[in-house]
Amino acid sequence: MNITETNDTTIINNLTVSYSDEGPVEAPVVIFIHGFPLNKSMWDLQLEELKDEYRVIAYDIRGHGDSDAGYEDFSMDLFGNDLISFMDTLKITKAVVCGLSMGGYIALNAIGNYPERFEALILSDTQYIADTPDVRENRLTAIENIKKNGLDDYAHESLKNLFAPLSLLSKETEIASVREMIVNTSKQSIYNSLHALAIRKETSGILPGIKIPVLILVGNEDKITPPEMAELMHKKINGSELHIIEDAGHLSNMENPFEFNYQIRKFISSVY
């Protein structure tokens, strides 16, 4: 059995994309899409958990981590097309795709346009609705605040919403890691991503048509995409599974990796 374990780059759509690729080459593929404004390293514990049985891949969305930003305006359509181009480049016909937060928006966009490329879907701490006017305004205000005060202040405020209150007291390593991801993202990529998030369209129309297995996960204390939104998705996607991750906020895979990993392993094993 050929085992791969690489931190590599490839060229898709004229930009360099950084990714981690671990596990048996011939094994079923699981692709992880990170949230905003983070990078592929947020999935390290999931890759470690699954790499003995599956080929597990996490990549940096354009403009995040070590991937180029390119010159096009960021949008969920662009990110979704990048995902499919990335799969094409690695010669992956179908995969289980797991997206958290913005990664979930990207996965929903891609499955709406390329349903045949998905073996199953894991939606974590995400939602199908577009931004409300208030949230959209908050994103535009965040851009102005970063221009004025820099990324340190933005990271500090973001952490309060990304983690559950208990995690803020107990997850020092994870908090430091996420803070580093945020401040190491270029300001321009953050501006472009905030704009892409603000203009994204809701995806409720595609949910009833999803026919593959779907697992929905959400932290019980997620303030950004709360459990009520996960419940609404669950009702709209026929046959989907929903599990609420205890002792977790918006970054449930990092705050309670034991429970998160248990749920995704159980789900993926039922798919393959």
Between rounded, prolate and oblate, where does the stretch 210-272 land on the alpha carbon gyration tensor, with a ≥ b ≥ c its root eigenvalues, rounded for a/c under 1.5, else prolate if a/b exceeds b/c? oblate
When the Cα atoms of the chain are enclosed in a convex hull and the volume is divided per residue, what value in Å³ results? 112 Å³
Whole-Hz Karplus couplings 3J(HN,Hα) for the stretch 194-206, θ = phi - 60° and coefficients 6.51, -1.76, 1.60, Gly and Pro as x, run 4, 5, 4, 5, 5, 9, 5, 9, 6, 10, 4, x, 8
Whether the stretch 142-211 is rounded, prolate or oblate, judged on the alpha carbon gyration tensor where a/c under 1.5 counts as rounded: oblate
Rounded to the nearest 0.05, what FRET efficiency is calculated for Asp66 and Lys211 with R0 set to 30 Å and r the Cβ-Cβ distance? 0.25
The chain: most fluctuating residue of Asn256, Asn14, Asn138 per GNM, C-alpha cutoff 10 Å: Asn14
Hey, what do the phi angles of the stretch 153-159 turn into as Karplus ³J(HN,Hα) couplings, whole Hz, using 6.51/-1.76/1.60 and θ = phi - 60°, x for Gly and Pro? 5, 5, 4, 4, 6, 5, 4
Footprinting exposure proxy for Ser252, Ser240 (fewest neighbouring C-beta atoms within 10 Å first): Ser240, Ser252
Please enumerate, by chain and number, the aspartates and glutamates with C-alpha under 12 Å from the C-alpha of Lys171, excluding those fewer than 8 residues away in the same chain. Asp247, Glu255
Once you order the gyration tensor axes a ≥ b ≥ c over the Cα atoms, which shape class does the stretch 64-120 get: rounded for a/c under 1.5, otherwise prolate or oblate by comparing a/b with b/c? prolate
Could you pull out every residue, at least 5 positions away or on a different chain, whose amide H is within less than 5 Å of the one on Thr16? Hs are placed 1.01 Å off N in the peptide plane, and Pro or chain starts have none. Asp68
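Treating the beta-carbon of each Lys and Arg as +1 and of each Asp and Glu as -1, no other charges, what is the dipole magnitude of the chain about its Cα centre, to the nearest 20 debye? Don't jump to the answer; show the numbers that get you there.
Working: 23 positive and 41 negative charges, 138 e Å.
Charge dipole of the chain: 660 debye, to the nearest 20.
Based on a Kirkwood Rh over C-alpha pairs, give the Stokes-Einstein translational diffusion coefficient of the stretch 1-120 at 25 °C and viscosity 0.890 mPa s in µm²/s.
Numbers: Rh = 14.0 Å.
D, rounded to a whole number, is 175 µm²/s.
Between Val271 and Asn138, 0.36 nm times their residue separation minus their Cα-Cα distance comes to what?
Working: separation 133, 0.36 × 133 = 47.88 nm, distance 3.90 nm.
Answer, rounded to one decimal: 44.0 nm.
Using only alpha carbon pairs under 8 Å that are at least six residues apart, calculate the relative contact order of the stretch 3-271 and give it in whole percent. Present the calculation step by step, with values, prior to reporting the outcome.
On the way: 537 pairs, mean separation 51.1, N = 269.
Contact order relative to length: 19 percent.
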Please list 3J(HN,Hα) in residue order for the stretch 126-133, calculated via the Karplus relation 6.51 cos²θ - 1.76 cosθ + 1.60 where θ = phi - 60°; whole Hz, with x for glycine and proline. 9, 7, 9, 7, 7, 4, 6, x
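Considering only the chain, what is the antiparallel percent among its DSSP beta bridges, to the nearest 5? Don't skip to the answer; put the middle values down first.
Values: 14 of 38 bridges.
Percentage antiparallel, nearest 5: 35.
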Long-range amide H partners of Glu241, meaning residues 5 or more apart or on another chain whose placed amide H is closer than 5 Å, are Val214, Leu215, Ile216
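Values in this text are rule-based calculations from the coordinates and carry no lab data. Computed from a predicted structure; not experimentally measured. Don't worry about glycine lacking a Cβ; one is built from the backbone with ideal geometry, like all the others, and counts go over all protein chains shown.
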